[in-house]
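I have placed the structure first, in the form of structure tokens, so that the comments after it can refer back to it.
The values are calculated or read from the model by the stated rules, or taken from the named source; none is laboratory data. In this text, all values refer to a predicted model and were calculated from it rather than measured experimentally. Virtual Cβ from ideal backbone geometry, glycine too; neighbours counted across all protein chains shown.
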Amino acid sequence: MEKLKKDLRHKSKPTGLRYLGVISISTRYRNGCVMKNIANLLFEAKMLKEIPRSGYHFLGSGKESVAEHSFVITFIAFVMAKMEPDVDTVKLISMCLIHDLPESRTGDMNYVQKKYVDVDEMKAVDDLTREIPFGDSIRELIVEFNACITREARLARDADQISFILELKTLADTGRKGPETWLPIVMDRLQTETGKQIAESIADTNWDEWWKKNYVD
């Protein structure tokens, strides 16, 4: 019986490269220096909660942190992936989640500021990913987002604009001046039919309709 138990234990143990790979990954993330770098990355991502989207200063109304924007664009990407099941869902959502991560170091530069300040975003990307085991995947997603060539990148760029459209529509619906002049400009930036379809639906919907339609006093 003891021999049988020993044989079963031996047979249940993973073997070959797959087993070695699991051990390698597990050991890698038990390394104190690696985990310290990951902790630093998480603190850096959290900093986006404190960084304002600076364009609203020039708009004259509204406010939003970079982290709030990142959540909204990521949720829009989730919806887009449901509308377009053939796209790489993980890539699209991941791209939207981290597209503004370098702003933890550079801050958010709006249209006016970019006329006078050259931001070295890729230096920020290189610095924040250099000591992260999966840093290359972060860098590749940001490069793909900026290049705007793949289907996922074009959808992600549209999601970025749709997030702004949601904010502008909310401000316009609540009586703020200024957003109505920007809405058509931002709508013209959309590249995909899915993005345009979502934006048109937003334009035809009041910001508070989602809860008022079933309101009973």
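This table checks each residue for (1) surrounded by 17 or more Cβ atoms within 10 Å (Cβ to Cβ); (2) modelled with pLDDT under 95; (3) part of a helix (DSSP H, G or I); (4) not hydrophobic (A, V, I, L, M, F, W, C).
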position	(1), (2), (3), (4)
Phe164	yes, no, yes, no
Leu168	yes, no, yes, no
Lys177	no, yes, no, yes
Pro184	no, yes, yes, yes
Gln197	no, no, yes, yes
Ser201	no, no, yes, yes
Asn206	no, no, no, yes
Asn214	no, yes, no, yes
When both residues are 6+ apart or on different chains and their Cβ atoms are under 6 Å apart, which pairs have a first residue that lies in segment 146-174 and is under 14 Å from His69 (Cβ atoms), and a second that is assigned to a helix (DSSP H, G or I) and of a type in the set (Gly, Ala, Ser)? Ala159/Ala77; Ile162/Ala199; Ile165/Ala199
Conditions: (1) of a type outside the set (S, T, N, Q); (2) modelled with pLDDT under 95; (3) under 8 Å from the mean Cα position of the chain (by Cα). Val112 meets all but one. Number of the miss? (3)
Return yes when Asp108 is surrounded by fewer than 16 Cβ atoms within 10 Å (Cβ to Cβ) and either farther than 28 Å from Ile149 by Cβ or assigned by TED's automatic domain parsing to the domain that holds Arg176 (or both) and no when it is not. no
Could you list all residues from segment 62-109 that are over 26 Å from Leu41 (Cα atoms) and at pLDDT 95 or above? Val79, Met80, Ala81, Lys82, Met83, Glu84, Asp86, Val87
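Could you grab me the full set of residues in segment 23-41 that are more than 12 Å from Pro133 (Cα to Cα), among the aliphatic types (A, V, I, L, M) and modelled with pLDDT under 80?
Pass one, segment 23-41, residues more than 12 Å from Pro133 (Cα to Cα): 23-24, 26-27, 30, 32, 39-40.
Subsequent filtering for residues that are among the aliphatic types (A, V, I, L, M) retains 23, 39.
Selection gives Ile23 alone.
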When Ile138 is run through (1) loosely packed, with under 13 Cβ neighbours inside 10 Å; (2) modelled with pLDDT of 95 or more, the failure sits at (1)
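Filter segment 149-190 down to the residues that are over 17 Å from Ile73 (Cβ atoms), out of contact with any Gly (no Cβ under 8 Å at 6 or more places or on another chain) and of a type in the set (D, E, K, R) and list them by number.
Of all residues in segment 149-190, those over 17 Å from Ile73 (Cβ atoms) come to 149, 171-185, 188.
Subset that is out of contact with any Gly (no Cβ under 8 Å at 6 or more places or on another chain): 149, 172-175, 180-185, 188.
Of everything in segment 149-190, those that are over 17 Å from Ile73 (Cβ atoms), out of contact with any Gly (no Cβ under 8 Å at 6 or more places or on another chain) and of a type in the set (D, E, K, R) turn out to be Asp173, Glu180, Asp188.
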